[in-house]
Every structure is written in C-alpha cells, then in structure tokens.
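Reviewing the structure listed below.
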Amino acid sequence: MNRPLASSLAAALLGAAALTGVSAAPAAASGTTASPSATGVRATPSFEGTVALSNCSGSLVKMPNSQPTDPALVLSNGHCLETGMPQPGQVVKDQASSRSFTLLKASGANAGTVRATKVAYATMTDTDVSLYQVGSTYQDIESRYGIKALSLDAARPTQGRAITVVSGYWKEKYGCAIDGFAYRLKEAGWTMKDSIRYTSACRTKGGTSGSPVVDNATGKVIGVNNTLNEDGARCTLNNPCEVDQTGQVTVRAGIGYGQQTYLIAPCVAEGNKIDLNRAGCTLPKP
C-alpha cells in the first residue's frame with residue numbers, strides 16, 4: 001500500500017509503501033510534477049479539488065446526485081484512516097472525526113482548510129476507500145475558497161484510458177493509462193476486487209495513497225490510488241499480487257494500482273448520506 005506518511009502506524013508500515021496510503025511518512029515533499037509517460041500520455045488535470053491529509057492524499061468529491069447545499073465529502077483510502085487500517089472484513093460507518101484537510105488551488109498552492117465531522121464510510125475489504133463528511137457544504141467551500149469539487153464518474157472506466165494520479169500530499173502528478181484490471185488483488189491479509197492496473201509510468205510512492213485517479217478526457221474521478229508492488233515480492237505488504245479466476249498468481253514488480261470508485265455512487269443517497277441498502281449498492285456492509 002502506498003503507505004500513509006507520518007502516522008501512528010509508521011513503525012509497522014515502514015516497509016509498507018505498496019498501499020499508497022499505508023506508508024511511513026515521506027521525508028519531504030518535492031513539489032515537482034512527475035514527467036509524462038514515454039507513450040506521450042500527459043498529466044493534464046490541475047490540483048484544484050485535491051486535498052492533503054497529514055499522511056496521505058485525497059480529493060473533495062461530489063456524487064452525481066450531490067447538491068451545492070450538501071455537506072461536502074472527501075475521498076481517500078481506508079488505510080489512511082487516522083485510527084489505523086481497518087482489518088479484513090471490517091467496515092467503518094458514521095464514526096466521529098475532526099480530521100483536517102488542506103484544500104489545493106489549481107496551481108497546487110494551499111487554498112484553506114476544511115475539517116471533518118465524521119468518517120461516513122471506510123473499508124479495506126473488496127476495495128480500499130474512505131469517505132469523510134466535512135462541516136462545510138460545497139457551496140460554502142466554493143464561496144470562501146474558490147474551490148470546486150471533483151465529480152465522481154458513475155460509469156465503470158475502460159482499459160486504455162489516459163489517466164492522472166494527482167497527489168495533494170506531494171503536489172505531484174503521475175500521468176499514464178489504464179493497462180487493465182486485476183480480478184483480485186491480494187496484499188498481506190487484504191483482498192481487493194477488480195482493481196485498476198496502471199501502465200508503468202504511474203510509479204507512485206508513499207503519501208500518494210488516496211489520490212484521485214482522474215480521467216484526462218472527462219476530468220472526472222474514476223478511481224482512488226492505493227498501492228504498488230515495490231520489490232517484486234508475492235502478495236506481501238507493499239507487494240500486491242494479482243489472482244485470476246483460476247487462482248493463478250501474477251506478480252508485476254513496479255506496477256501501481258487503484259480502486260474503482262463508480263461503485264460508491266449508488267450508495268450515496270439524498271443529502272450525501274451513505275445508504276448501503278440502496279438499490280445497486282454493492283459496497284461491503286458492517
């Protein structure tokens with residue numbers, strides 16, 4: 001997992017760079033932008049709508065049915081939770097939180113800070129996602145800071161699409177394409193389903209965990225960055241492996257992965273409330 005940088009889990013996660021949010025704190029943010037891939041795919045989205053957490057990255061997101069007066073949502077990884085990584089099978093819902101997020105302008109400069117009221121949803125089962133509800137509406141945030149939320153795409157992404165992983169923590173972008181999808185992605189005790197596999201140009205690192213994966217053509221969020229096979233090891237922390245329908249294991253050293261986010265949209269009801277019983281919602285339940 002692209003480990004969260006500085007956290008109470010730092011000692012245990014020092015070698016856990018794979019889960020993009022589950023890593024030890026990076027020494028210092030470089031502030032540079034990753035170069036475009038050799039294939040000519042360029043990192044086109046700006047930093048507007050992305051956020052920096054204390055140890056990870058994230059984004060201010062709105063759902064297809066979100067309204068300007070709804071409390072805003074921040075998307076990141078489950079392994080980036082301030083309370084530690086959820087265990088396999090664990091789901092966190094409506095847990096009080098006062099975590100703060102630094103909003104970024106299009107240039108990457110700091111725009112201001114918003115604060116969570118709760119973890120609306122988080123899990124590392126089948127996916128690796130966290131959704132925080134903050135104490136400001138989208139309308140409030142745009143009026144006060146001039147920042148618009150990123151739109152979450154309700155459609156499943158497709159292979160070959162040009163994408164950008166936009167890290168608010170590092171203020172870096174990683175441009176590549178969707179190489180394909182992993183039927184099952186196993187990392188230590190966690191298993192994720194239908195994960196996005198990047199082409200090699202998106203070589204993420206600790207602190208990029210939770211970054212939005214943006215479709216370059218639409219500007220919409222289609223995934224959340226979460227891990228990379230760092231050392232070529234098989235199915236260990238920071239070294240995820242792919243498992244196909246027949247059980248065959250494939251290790252792709254140096255390749256990064258993200259989790260699809262279209263699955264979230266059906267689970268968000270009016271007022272940005274998480275409702276896991278809504279029609280079409282397949283996210284794990286508590």
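The values are calculated or read from the model by the stated rules, or taken from the named source; none is laboratory data. What you see is a predicted model; the values in this text were computed from it and never measured. In this analysis, Cβ positions are derived from the backbone assuming ideal geometry, glycine residues included, and neighbour counts consider all displayed protein chains. Please note that ligands, DNA and RNA were not included when accessible areas were found on the heavy atoms of the full protein model with its side chains. Shrake-Rupley method; radii C 1.70, N 1.55, O 1.52, S 1.80 Å.
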Need pairs with beta-carbon distance below 8 Å; first residue in contact (Cβ under 8 Å) with a residue 24 or more places away in the chain and over 25 Å from Gly49 (Cβ atoms) and within segment 80-105, second among the hydroxyl-bearing types (Ser, Thr, Tyr) and assigned to a loop (DSSP other than H, G, I, E, B); sequence gap 6+ or separate chains. Gly84/Ser8; Pro86/Thr125; Pro88/Thr125; Gly89/Thr125; Gln90/Thr125; Val91/Thr125
Looking at Ser195, is it touching a Lys or Arg at 6+ places or on another chain (Cβ under 7 Å) and either modelled with pLDDT of 95 or more or part of a loop (DSSP other than H, G, I, E, B) (or both)? no
Of the conditions (1) open to solvent by 10 Å² or more (accessible area, probe 1.4 Å); (2) of a type in the set (A, V, I, L, M); (3) closer than 17 Å to Cys267 by Cα, Ala96 fails just one. Which one is it? (3)
Quick one: is Ala154 in contact with a helix residue (DSSP H, G or I) (Cβ under 8 Å, 6 or more places away or on another chain) and part of a loop (DSSP other than H, G, I, E, B)? yes
I need every pair where a residue in segment 187-199 that is open to solvent by 40 Å² or more (accessible area, probe 1.4 Å) has its Cβ under 9 Å from the Cβ of a residue that is part of a loop (DSSP other than H, G, I, E, B) and of a type in the set (Gly, Ala, Ser), sequence separation at least 6 or different chains. Ala188/Ala16; Ala188/Ala18; Thr199/Ser37
Result of the Cβ filter at 6 Å on segment 226-237, keeping first residues that are open to solvent by less than 50 Å² (accessible area, probe 1.4 Å) and partners that are of a type in the set (Val, Ile, Thr), at least 6 apart or interchain, is Asn226/Thr20; Thr227/Thr20; Leu228/Thr204; Asn229/Ile255
Only one of (1) under 16 Å from the mean Cα position of the chain (by Cα); (2) assigned to a strand (DSSP E or B); (3) under 20 Å from Gln90 (Cβ atoms) does not apply to Arg184, and that is (1)
Which strands (runs of 3 or more DSSP E) sit wholly inside segment 27-130 and have at least 2 residues that are of a type in the set (Lys, Arg) and at pLDDT 95 or above? 110-123
Candidates Tyr132, Tyr145, filtered to the one that is of a type outside the set (Gly, Ala, Ser) and buried (at least 21 other Cβ atoms within 10 Å of the Cβ): Tyr132
